Amino acid sequence: SKLQLKTGDLDPRLFSRLRHLQKLDLSDNLLDKFPNSLTLPDLRVLNCNNNKLEDVTALKQFPLLEELTYENNVYLTLNDDYKVMFLLENLRLLNGKDITKLANHVRCVNSRKLTSKVTAHWEKFFRDQLPEKHTAEQVESIKKKFLQSVQTNVVYGPSSLSEFTRWRVKMIAEEFLAYSLGLELNRDPEPEEKMDENEEESAESPMEATEDESQVGDFSSYINHVTVRPSKRRRNHSKSGSGNKRSKSQANTQEEAEDVSAEPLHFLQCHSKGNSHEDFKTQLWSCVFEPLVDCGARQDPITSSSRTVATCGGESVCLIDCETGTVLKKYKVATEEFFSVAWTTLTMVIDDNRKKSHNILAAAGRRGIVKLIHVASDFCYGEIKAHKKPIATVCFSPARETHLFTASYDKRIALWDIGIPDCDYNFKASQLLVLEALSVPLRIALVPTCPEQYLLAGCEGGCFAWNIKPETDKKSRPFEALFQFPDKDGGVTTSHRVDGLAFLNDDVVVSKSSRPGCIYLWSWSRSFDTKAKGCQRTVAAVILAELEWSTTDMSYLTLSTCPAKDYVFCGDESGSVWMYHIPNCTKAWSSAKGKRSDKRIPPTQILKWPELRANGEQLTEILVNNVVSDPTFTYLVVLTSVNITAIWKKS
């Protein structure tokens, strides 16, 4: 007690060893939530007075708890008292009062009444909607509609307990569906969502399910999940969700449906500073889809990934399930502003000398420190003090899973070996190489055909290439080539800001200049002679084509590619996403005779930003800082300047 402890200070590695601990006093600290993996199997007495707790459902991990006190936690209400009475079957004293009889009523009588009401609601309104021979899609659709409707319409007890009632109704309804329809059951109670009591039920646009958050380090509790509410539909194939209110955060949104090949799934406000629902200023910068551990994603990252994406911006890193909009985990560092995230898969030694592959997330930003997070264990196990100035971007080598590149505002790109942590998370990181740049590196990309030899970087002062092949006598080295590009006057230039850089395939590079409307596709192999000798030489980029894009002079709106589907994506200054599908062109360019097209290639489609309203006011001046698809182009994640993560799904 009285140690200014935050949630991240409760180290699961330490607490999991206290298997016989029976009494724990954590009063007078700064805890906002309990980590889900403290593993105190014999805990009987817990004191959490005078903290900042926002949620009590994680207390279910202490099944033998008999005495619990959490007075003077301003966010906890009577509804939370009822939740712990339901979750903790052995609880006798709550905040000094004997609750044995009341808890028995909550667990038995209350549950029986609600179960009866939930069952009756299904029989009356939903049973006949499901065909005798039904598809999985039909079942999922009915499930969503039923869960939304039952939480809105099943009422029991005083209005002061409406939040608890909705929480139990959702739990009972999911159990009922699992039993009746054989649906998979999520048995972990989720953080409660608050829905607008005046909200009308819509059979066309069911509520989204509440998100479920776990803890990693200082993971926090409440996410503002902004889903779009449909207005009058313009076209039959357009689809939208409906709006939600979330605990301690809320936003009302509206959308005009657009005729596009992708439909909006979710709009999430999950990087708010201090979890404030008023925060529409936090800039979101980077997102990367998690590789599938069991499918050899490190060997073939182009064709395999999960639907989980890591996003960063402000003080937090989030893990999001793109299909459900669930914010799975959220990692916070109050003094940090995260600019970049990257995944790798490490083969780690676990108990009994067995080896197992685990995904590791690297996150870095303004402090120049790389955080290493073992996501499956909800644990930030280490950090690397990589630079004294901010880190603009990070990426792992596709050839060596422990090799991490960090590009910094100190005008250097460093190569690190992060090592492999042992079973106690001990690890040793070492710096292998430093690449000297003439200006700040903004984007980096390893050449697909030789990822252990060449690295490209888009910088404030141009586009550069380095030889990164390790040499024992040279740890620091200058650039090997500086690329020339056409300028606006018809000549060539090397001095321009390159704020977008990615490979479309093994040879074609896509780069974006700060010059208005300028995205070039050019050939790596025909521009750079790997047999030529000498450093710091200037070479002309062999331009293959130019993409038609916005005429804005706004910088740092970066681009991305989906090589497996031949797509290029880039956002603009008005919230739109420009999509270019160019499969035939890439095949033509693969020959040595491929020539630059004099015509600019127009976008295949432009996804327009929908009309969103927050607290009654329309969001304006929306910049798309980054837009990334998963490798199979099922989902498209859009990061904005107004603290909104938009998730689209390809139709």
> Lys133 fails exactly one of the following numbered conditions: (1) out of contact with any strand residue (DSSP E or B) (no Cβ under 9 Å at 6 or more places or on another chain); (2) closer than 30 Å to Leu10 by Cβ; (3) not small (Gly, Ala, Ser). What is the number of that condition?
Replying inline: (2)
> Just checking, which of Leu432, Leu455, Leu442 is surrounded by fewer than 21 Cβ atoms within 10 Å (Cβ to Cβ), in contact (Cβ under 8 Å) with a residue 12 or more places away in the chain and not basic (Lys, Arg)?
Replying inline: Leu432
> Given (1) among the polar types (S, T, N, Q); (2) touching a Pro at 6+ places or on another chain (Cβ under 9 Å); (3) surrounded by fewer than 21 Cβ atoms within 10 Å (Cβ to Cβ), where does Thr57 come up short, assuming only one miss?
Replying inline: (3)
> Do we find a residue being closer than 24 Å to Phe479 by Cα, free of Cβ contacts under 8 Å to residues at least 60 places away in the same chain and assigned by the TED database to the domain that holds Leu438 anywhere in region 349-363?
Replying inline: no
> In region 390-398, is there at least one residue being at pLDDT below 95 and in a loop (DSSP other than H, G, I, E, B)?
Replying inline: yes
>> Considering only residues that are at negative phi and open to solvent by 50 Å² or more (accessible area, probe 1.4 Å), which ones fall in region 612-645?
In response: Arg613, Glu617, Gln618, Thr620, Thr632
>> Here is a check on your reading of the model: is Leu76 part of a loop (DSSP other than H, G, I, E, B), without any contact (Cβ under 8 Å) to a residue 24 or more places away in the chain and not β-branched (Val, Ile, Thr)?
In response: yes
> Within region 143-166, restricting attention to residues that are open to solvent by 10 Å² or more (accessible area, probe 1.4 Å) and among the hydrophobic types (A, V, I, L, M, F, W, C), which residue is nearest to the chain's Cα centre (by Cα)?
Replying inline: Leu147
> Within region 32-44, which residues are touching a Ser or Thr at 6+ places or on another chain (Cβ under 9 Å) and open to solvent by 30 Å² or more (accessible area, probe 1.4 Å)?
Replying inline: Asn36, Ser37, Thr39
>> Can you go through Leu68, Leu53, Leu78, Leu59 and tell me which one is closer than 26 Å to Pro158 by Cβ, hydrophobic (A, V, I, L, M, F, W, C) and modelled with pLDDT of 95 or more?
In response: Leu68
> Are any residues in region 61-85 within 32 Å of the chain's Cα centre (by Cα) and surrounded by fewer than 20 Cβ atoms within 10 Å (Cβ to Cβ), and if so, which ones?
Replying inline: Gln61, Pro63, Asn73, Val74, Tyr75, Thr77, Asn79
> Hey, any hits in region 11-21 for a residue that's crowded, with 17+ Cβ neighbours inside 10 Å, of a type in the set (A, V, I, L, M, F, W, C) and modelled with pLDDT under 90?
Replying inline: yes
> Which of the residues that make up region 468-505 are within 14 Å of Ser527 (Cβ to Cβ), open to solvent by 60 Å² or more (accessible area, probe 1.4 Å) and outside any strand (DSSP E or B)?
Replying inline: none
> Being at pLDDT 95 or above, part of a strand (DSSP E or B), over 25 Å from Tyr556 (Cβ atoms) and in contact with an Asp or Glu (Cβ under 8 Å, 6 or more places away or on another chain), is that true of even one residue in region 402-413?
Replying inline: yes
> Counting only residues that are under 20 Å from Val317 (Cβ atoms) and at pLDDT 85 or above, which one in region 259-275 is farthest from the chain's Cα centre (by Cα)?
Replying inline: Lys273
>> Can you pull out every residue in region 94-120 that is open to solvent by 20 Å² or more (accessible area, probe 1.4 Å), among the hydroxyl-bearing types (Ser, Thr, Tyr) and within 18 Å of Val154 (Cα to Cα)?
In response: Thr115, Ser116, Thr119
> Checking Val447 against (1) surrounded by 17 or more Cβ atoms within 10 Å (Cβ to Cβ); (2) in contact with a helix residue (DSSP H, G or I) (Cβ under 9 Å, 6 or more places away or on another chain); (3) over 17 Å from Val498 (Cβ atoms), which single condition isn't satisfied?
Replying inline: (3)
> What residue, of Leu91, Leu5, is surrounded by fewer than 17 Cβ atoms within 10 Å (Cβ to Cβ), at negative phi and either modelled with pLDDT of 90 or more or not assigned by the TED database to the domain that holds Leu161 (or both)?
Replying inline: Leu5
> Name the pairs: first residue in region 21-46 and assigned to a loop (DSSP other than H, G, I, E, B), second residue β-branched (Val, Ile, Thr), Cβ to Cβ under 6 Å, at least 6 apart or on different chains?
Replying inline: Leu31/Thr7; Asp32/Thr7; Lys33/Thr7
> Does Ser560 satisfy being assigned by the TED database to the domain that holds Trp343 and modelled with pLDDT of 85 or more?
Replying inline: yes
> Within region 329-366, how many residues turn out to be closer than 21 Å to Lys273 by Cα, in contact with a His (Cβ under 9 Å, 6 or more places away or on another chain) and at pLDDT below 95?
Replying inline: 1
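The values are calculated or read from the model by the stated rules, or taken from the named source; none is laboratory data. For clarity, every value in this text was computed on a predicted model and none was experimentally measured. Cβ atoms come from the backbone with ideal geometry, glycine included; neighbour counts cover every protein chain shown. Just so you know, the surface numbers come from the protein's heavy atoms only, side chains and all, with ligands and any DNA or RNA stripped out. Shrake-Rupley method; radii C 1.70, N 1.55, O 1.52, S 1.80 Å.
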